[in-house]
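Everything below concerns the one structure shown next.
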């Protein structure tokens, strides 16, 4: 939670702008595809963003079994 | 399967919330599912306490992180009743657990299911119709810059790191997509929601899917 210097924020913002250009450049003709740009997180470096907002721990889930599918498909 | 379905159309999904700088997405998604499934069962739609899950689910780490599976296991094993948010409001930091008497009103769960639906997103859509909004964990690294549209590239099914709630799907256009409620406030994405392509397990959206029973 340390206060972040203006320089650091400016550097993160510049990096975000570059990242947006790259992400938006790859599939420009694909309609409905996602658009990336400036938002409330643009002043954060990716590692800072991840450290604050992406804190869900992964777990191993069992594969959805075939027999359950039949019961689901029978549900009216 | 209908071409389009969204539990919001049935007024059983609460408003988008904002976790602020608290790493409690896992709690927001689980509580969001309980709110909706209770409303689907006929209870009034209302915000339930995310702070209660953050403070009290001892098998998680509060605002430092947690897992949807651990939160669901905790709710199921303890039969803790989730109280209204107004009684135990969100404060964006971990705190001491507040306990309530058994007579205090609230909502507990009867159980939950948790499956990997990768390569079976049609079955996942059926589960959404059958059980209500689904709790999922995705790789949301590229969501930092998301403004809108359908996420279909730059989003691997690598390491799941963010928990969200699927409220519906839309297959009417050229690219079918899941309708995903996030907890980063309504100014992020599409009014607080993200659209993630259906099929192909984009962002790992089908790897860790839970449904709640009440």
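Odds and ends about this structure:
- Single residue of A:47, A:15, A:67 found to be surrounded by fewer than 11 Cβ atoms within 10 Å (Cβ to Cβ) and modelled with pLDDT of 85 or more: A:47
- Residues in the range B:127-149 that are at positive phi and in contact with a helix residue (DSSP H, G or I) (Cβ under 9 Å, 6 or more places away or on another chain): B:132 alone.
- If you go through the range B:48-61 and keep only what is in a helix (DSSP H, G or I) and without any contact (Cβ under 8 Å) to a residue 40 or more places away in the chain, you end up with just B:53.
- Whichever residue in the range A:32-67 is within 7 Å of another protein chain (Cβ to nearest Cβ) and over 17 Å from the mean Cα position of the chain (by Cα) and, among such residues, is nearest to residue B:209 (Cα to Cα): A:61
- Residues satisfying the stated conditions in the range A:25-39, i.e. surrounded by 12 or more Cβ atoms within 10 Å (Cβ to Cβ) and over 13 Å from residue B:151 (Cβ atoms): A:37, A:38, A:39
- In the range B:50-63, the residues that are at the interface with another protein chain (Cβ under 10 Å from one of its Cβ atoms) and more than 21 Å from residue B:213 (Cβ to Cβ): B:61, B:62, B:63
- Matching residues, the range B:166-177, being in a loop (DSSP other than H, G, I, E, B) and more than 8 Å from every other protein chain (Cβ to nearest Cβ): B:171, B:172, B:176
- In the range B:12-42, the residue that is farthest from the chain's Cα centre (by Cα) out of those that are within 13 Å of residue B:107 (Cα to Cα) and part of a loop (DSSP other than H, G, I, E, B) is B:42.
- Residue tally, condition outside any loop (DSSP other than H, G, I, E, B), surrounded by 21 or more Cβ atoms within 10 Å (Cβ to Cβ) and either at pLDDT below 95 or more than 8 Å from chain A (Cβ to nearest Cβ) (or both), over the range B:178-209: 11
The values are calculated or read from the model by the stated rules, or taken from the named source; none is laboratory data. Owing to the predicted nature of the structure, the values given are computational and were not obtained by experimental measurement. Virtual Cβ from ideal backbone geometry, glycine too; neighbours counted across all protein chains shown.
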